[in-house]
Amino acid sequence: MKERLLLLWRNLTWTWAPDSNRQASEAVVKNFWLHWFPSRISLRGLGWGFSFWLGTISACLFVILALTGLLLLFVYIPSIRDAYWSMKDIDNVVVFGWLLRSQHRWAAQLMVAVVFFHLVRVFFTAAYRDQRVWNWYIGIALFVLTIFLSFSGYVLPWDQLAYWALTIATGIAAELPFFGEDIRFALLGGNILGQSSLIRFFVLHNFFLPALVVILFALHMWRIRKDGGLACMDRLIHETKSKKIPVSPTKTYSLLGVTEGTTIQAATTEILDESNSVRTSPNLTRRIALVLLVTTIATLVLALAFPVGLEEPANPAVTPIPAKAPWYFLWLQELTAITTIKIGGKSISGGLIGGIIIPGILGLLAVVWPFLDRSPKEAIGVWFHKTRNTQNIVFTIICLAVISLIIIGVYMRGPYWKFYWPWQSWPEMPTLF
Amino acid sequence: MSEKEDKVPRRFFLEVFGKVAVVVALFAEAFGALKAFIPQVLYEPPSKFKIGKPDDFPEGITFLPEHKLYIFRSGRGFHVVSAICTHLKCVTDWNSSQREFYCSCHGSVFSENGANAEGPAPRPLSWHPLSFAPDGNFVVDTGKKVERYYKFTI
């Protein structure tokens, strides 16, 4: 019996402490949960300092969001009459409900920030070049989905923040030429915000958008493998190629010999040896577990230290003064407020320019940038390569502009969106509640 | 015409016809499915409604929060201005000392007649027509707009 138990334990844990190289690679290849990892991982890719593990942290935050969100689904009621009061119940009646909700909200905010910094890291290491361009596009789609998920999430409490955020966001959609009003009508399920609007955002938030994220995440991971690992691998291949015996041109290491020549993957596996790589199991798996643990602790500590609040119940007649979106949308809110222009007698709304055209241009820039990039291949996988100084500066200016607009929006906008320095106090505003 | 000559075009026709039919059917299905997103019946308050009798409104400006409307009265003349900001649809506040409308969302300012004076609002506030119901109540039609300086005199 004792032997059987030992064997069972061994079967469950063999992937964690393999005895040989063969066992170590089988632990990855034969295991459903690990088969999307390579059997060996380069020391550079495993290091903390190249990628800062921002992608892994985003994935961990998504897992935390999915789990806390699943639990919240059991106690939340998606009706405009009951939603707000079910939120109050979550905060005050459900055991540890406040903690679940706070953790969910904090993880959501962190995810927007971490995915953004992941994008910044990919840019500064030129990791969007050549074959990696598809993963750059998938990553941008995931970033947009993260923002939409965050937005659809804060509509659900149906408090003042939710109501007026939805009013403003669908107001921006309505500014789109030709179809604008139709899109607003379809998003809201009517001309005014009501039950059909809430249920639409409920389904988007809880099924449609997360399902898209899961699918694109799988593609994102698959492409990393197909592209030969993190971008720092390109450097490693470049540096070791000269020292190594070249791979036989007829031998292929992928697709079961269907293709001719060698793929990037084959080149990657060729150069990894004892000197520059380690076994994935347990080295990579242990680090992922560690990142998951630290991310969980971080969201938990934030939730404990700063439990998130709830505004007043949605009141269609009264707009809060000032009505501010969450911080990651304030740059857009700031743009919509300052970009209305007058040409002749006609005005073009800031809703169109700041809410649609400028973000559209930024999106378009992200799509065409890999084709405008003329830096040499040596720049791939290197932080701040000297041949990329100009484009790094342009990118930094764009990022800093967005961050400055967020700071202005958070700290320097008071009642009626007037400008106040952070040390200036706001005038007393009448409240109509 | 020999049998052989005839066979190839028929097969070709059936192949193209079949592919086109599949594509058309898929689009029709997708169109039908997406149509479910467009509500056919709206359970919303009507855009034409009674707001009360003339004597319910004192001289000056009255705000009707449930309708997001300002009712102006000067003697026997009445007019109705929408409180919905033309920038991104927030509700504006009437400031009686400045005699202006302020939008709390993005700081648009409208003058007393609804003209967009400052801030991001691209258009003036809407004016809506008034009429009388048989029972003596005012009826506002927010589905229609009227020119600025329209006045309904009783």
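The values are calculated or read from the model by the stated rules, or taken from the named source; none is laboratory data. Here the structure is a predicted model, which is why all the values come from computation and not from measurement. In this analysis, Cβ positions are derived from the backbone assuming ideal geometry, glycine residues included, and neighbour counts consider all displayed protein chains.
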Inset, instruction - Enumerate the pairs (first residue in the stretch A:163-184 and at the interface with another protein chain (Cβ under 9 Å from one of its Cβ atoms) and of a type in the set (S, T, N, Q); second residue anywhere and assigned to a helix (DSSP H, G or I) and buried (at least 22 other Cβ atoms within 10 Å of the Cβ)) with beta-carbon separation below 7 Å, excluding pairs fewer than 6 apart on the same chain, so at least 6 apart or on different chains. - result: A:Thr170/A:Leu188
Inset, instruction - Could you check A:Ala141 against (1) surrounded by fewer than 19 Cβ atoms within 10 Å (Cβ to Cβ); (2) without any contact (Cβ under 8 Å) to a residue 24 or more places away in the chain and say which number it fails? - result: (2)
Legend entry - Within the stretch A:311-336, tally of residues that are facing chain B (nearest Cβ under 9 Å) and of a type in the set (A, V, I, L, M): 4
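Quick check on this structure: which one of B:Glu118, B:Glu3 is within 11 Å of another protein chain (Cβ to nearest Cβ), loosely packed, with under 15 Cβ neighbours inside 10 Å and modelled with pLDDT under 90? Spell out how you get there, then give the answer.
Values: B:Glu3 fails: within 11 Å of another protein chain (Cβ to nearest Cβ).
Exactly one of B:Glu118, B:Glu3 is within 11 Å of another protein chain (Cβ to nearest Cβ), loosely packed, with under 15 Cβ neighbours inside 10 Å and modelled with pLDDT under 90, namely B:Glu118.
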Inset, instruction - Could you check A:Glu334 against (1) in contact (Cβ under 8 Å) with a residue 12 or more places away in the chain; (2) over 30 Å from A:Ala162 (Cα atoms); (3) part of a helix (DSSP H, G or I) and say which number it fails? - result: (2)
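For every residue, the table says whether it meets (1) modelled with pLDDT of 85 or more; (2) closer than 30 Å to A:Tyr154 by Cα.
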{"site": "A:Lys226", "(1), (2)": "yes, no"}
{"site": "A:Ser254", "(1), (2)": "no, no"}
{"site": "A:Pro282", "(1), (2)": "no, no"}
{"site": "A:Ala289", "(1), (2)": "yes, yes"}
{"site": "A:Leu293", "(1), (2)": "yes, yes"}
{"site": "A:Phe306", "(1), (2)": "yes, yes"}
Inset, instruction - For residues that are farther than 16 Å from B:Lys151 by Cβ and of a type in the set (S, T, N, Q), tally how many sit in the stretch B:127-136. - result: 0
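Can you work out which of the residues in the stretch B:90-118 that are assigned to a strand (DSSP E or B) and of a type in the set (Gly, Ala, Ser) is nearest to A:Trp417 (Cα to Cα)? Lay out the reasoning, then the answer.
Residues of the stretch B:90-118 assigned to a strand (DSSP E or B): B:91-95, B:100-103, B:109-111, B:116-118.
When the remaining residues are screened for being of a type in the set (Gly, Ala, Ser), the result is B:111, B:117.
Values: B:Ser111: 18, B:Ala117: 15 Å.
Filtering first and then ranking leaves B:Ala117.
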Inset, instruction - Look at A:Gly45 and say whether it is more than 30 Å from A:Gly194 (Cα to Cα), of a type in the set (Gly, Ala, Ser), at pLDDT 90 or above and not in a loop (DSSP other than H, G, I, E, B). - result: no
Legend entry - Test: A:Gly69 is more than 30 Å from A:Ser275 (Cβ to Cβ), assigned to a helix (DSSP H, G or I), of a type in the set (Gly, Ala, Ser) and under 24 Å from the mean Cα position of the chain (by Cα): yes
Legend entry - Qualifying residues in the stretch B:37-72 (those that are more than 9 Å from every other protein chain (Cβ to nearest Cβ) and touching a Gly at 6+ places or on another chain (Cβ under 7 Å)) - the one surrounded by the most Cβ atoms within 10 Å (Cβ to Cβ): B:Lys48
